[in-house]
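Since the structure comes first, as structure tokens, the remarks are kept for the end.
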Amino acid sequence: MNTTPLELENIYDLAFKALSAHGCDQLNANCVATTVTHAERDGSVSHGLFRIPGYVASLKSKKVNGVSRPSNTYLTQNAIRVEGDYGFAPVSIKVGLPELINTTNKHGVGVLTIANTHHFAALWHETEALAENNLIGIACTAYKPSVAPAGAKKPLFGTNPISFAWPRKNKTPVVYDMATSTMAMGEVQVAARDGHKVPFGTGLNKEGEKTDDPSKIANGGVLLTFGDYKGSAIAMMIELLAAGLVGDLFSFEAKEEDNNDGGPARGGEFIMALSPELIAGKNWNEHAEKFFAQMISLDGVRLPGQRRHTNREDKGPRNINSDLIEKIKSLI
Ligand code: NDP
């Protein structure tokens, strides 16, 4: 793969211009380009510039509103609903998160339900932002079906990611952010293209048998959840929180509605914040630090989020796939 070094500001410009060229106004293009740039900065490459052609496709097909103006409604004193106005999720997050932080600082617990948006990004952006404000963050979202519930041979769940962030005073938060499928379908397709096997049980072939052949999963087969029925239960919970509770589309409904333009389907997101200061008391940070010290004293352990945070310290250019850069330039 040929790569071209790009400074972070040039990554932002490329994303911003591509989005603006297809109807995003300043607010919408800025929110998405910032999310994309942060993903490249942290080495979350699958949610960086790689996503721009999909974002643009959904603007071109008019599925997504590039001039969205999300708005907040208080459902209760500490449950807020963001009406996403059919825009990209980062815009709703920018509008909703400050209110979620305010209410959680008052009440100890806060919930943000985001409806009528299109999510195509990693979730750590939102949970980590909460942790940077000394709050615990939990977020999840559903996507179009590609994953079979435990026992089934057909997809019903999306790859349904969940993220959790724990704040640390004067340190970067501990953050995990993971799909509940064994692997992303994109990675399975790459393995099939390159002739590599995937771990046995990553998915099923079209006859419903477990396989390590990625081409049999990608062509008529289905992915499985991580951890068999345990991951399946978490994927189910995500459907219920991000769709049932938010009042937006379940994965199967998103598939029925989506125009398959290559961009993100419509859906909701569930975000919850908790204040350790109000719930655990003044000593929460020192207490948790003792636990983290125990964890990292064990050989082979690292804290989730550490890889990204180490990448972030590098202020230099990022090596971007040259073909991808050309593709995005051709969209401007
Ligand atoms: P990974 O399997 O790469 O990583 C999952 C988590 O595990 C990360 O927080 C990672 O931290 C942590 N981790 C990895 N290795 C270790 C280790 N050895 N020790 C401790 N922690 C570790 O992520 P996925 O492929 O499952 O998901 C990738 C992204 O895709 C996520 O950001 C997710 O939000 C996004 N996604 C978005 C969807 C959407 O609809 N918007 C749909 C599906 C996925 P670290 O980052 O530090 O490596």
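General observations
- Residue selected from the range 269-301 under the condition of a type outside the set (A, V, I, L, M, F, W, C) and closer than 14 Å to A131 by Cα, by the criterion surrounded by the fewest Cβ atoms within 10 Å (Cβ to Cβ): E277
- For the range 174-201, a residue qualifies if it is in contact with an Asp or Glu (Cβ under 7 Å, 6 or more places away or on another chain) and within 11 Å of the ligand (Cβ to nearest atom), and exactly one does: V175.
- Filter result (within 17 Å of the chain's Cα centre (by Cα) and under 16 Å from K154 (Cα atoms)) within the range 240-253: F250, S251
- L100 vs. criteria among the hydrophobic types (A, V, I, L, M, F, W, C), more than 14 Å from the ligand (Cβ to nearest atom) and touching a helix residue (DSSP H, G or I) at 6+ places or on another chain (Cβ under 6 Å): no
- Per-region count, the range 287-305, residues without any contact (Cβ under 8 Å) to a residue 40 or more places away in the chain and assigned to a helix (DSSP H, G or I): 7
- G87, sole failed condition from (1) free of Cβ contacts under 8 Å to residues at least 60 places away in the same chain; (2) more than 16 Å from the ligand (Cβ to nearest atom); (3) closer than 25 Å to V32 by Cβ: (2)
- For the range 134-150, the criterion of being touching a Pro at 6+ places or on another chain (Cβ under 8 Å), within 11 Å of the ligand (Cβ to nearest atom), among the β-branched types (V, I, T) and closer than 22 Å to T113 by Cβ is met by at least one residue.
- For the range 108-135, the set of residues classified as surrounded by fewer than 24 Cβ atoms within 10 Å (Cβ to Cβ), within 21 Å of N72 (Cβ to Cβ) and either over 17 Å from the mean Cα position of the chain (by Cα) or acidic (D, E) (or both) consists of G108, V109, V111, E132, N133, listed by residue number.
Here is a yes/no grid of residues against (1) farther than 22 Å from P161 by Cα; (2) at pLDDT below 95; (3) of a type in the set (A, V, I, L, M):
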residue: L6; (1), (2), (3): yes, no, yes
residue: L27; (1), (2), (3): yes, no, yes
residue: N30; (1), (2), (3): yes, no, no
residue: V56; (1), (2), (3): yes, no, yes
residue: K60; (1), (2), (3): yes, no, no
residue: P70; (1), (2), (3): yes, no, no
residue: E83; (1), (2), (3): no, no, no
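- Selection within the range 156-173 - of a type in the set (A, V, I, L, M) and away from the ligand (no atom under 11 Å from the Cβ): L156
- The condition (being within 23 Å of L223 (Cα to Cα), more than 10 Å from the ligand (Cβ to nearest atom) and at pLDDT 95 or above) is satisfied by just one residue among L123, L130, L204: L204.
- Helices (runs of 4 or more DSSP H) contained in the range 1-83 and holding at least 2 residues farther than 30 Å from N102 by Cβ: 8-20, 52-60
- Residue check for G208: in contact (Cβ under 8 Å) with a residue 40 or more places away in the chain and more than 27 Å from G267 (Cβ to Cβ): yes
- Neighbours by Cβ (under 7 Å, 6+ apart or cross-chain): first from the range 103-120, within 13 Å of S92 (Cα to Cα); second of a type in the set (D, E) and surrounded by 17 or more Cβ atoms within 10 Å (Cβ to Cβ): I114/E269; A115/E83; A115/D248; N116/E83; N116/D85; N116/D248; T117/E269; H119/E269
- The residue pairs whose first member lies in the range 245-263 and is farther than 18 Å from N65 by Cβ, whose second member is surrounded by fewer than 18 Cβ atoms within 10 Å (Cβ to Cβ), and whose beta carbons are closer than 9 Å, counting only pairs six or more residues apart or on different chains, are F250/L240; F250/G244.
- Complete set of residues in the range 292-332 that are within 16 Å of the ligand (Cβ to nearest atom) and β-branched (V, I, T): I296, V301, T310
- Evaluation of G87 against (1) over 14 Å from the mean Cα position of the chain (by Cα); (2) over 20 Å from G48 (Cα atoms); (3) at pLDDT 95 or above (one fails), failing number: (2)
- Residues in the range 122-148 that are within 21 Å of G244 (Cα to Cα), assigned to a loop (DSSP other than H, G, I, E, B) and among the charged types (D, E, K, R): K144 alone.
The values are calculated or read from the model by the stated rules, or taken from the named source; none is laboratory data. Treat the numbers as computed from the prediction; the structure is a model and nothing was measured. Note that we place each Cβ from the backbone using ideal geometry, even for glycine, and neighbour counts take in every protein chain shown.
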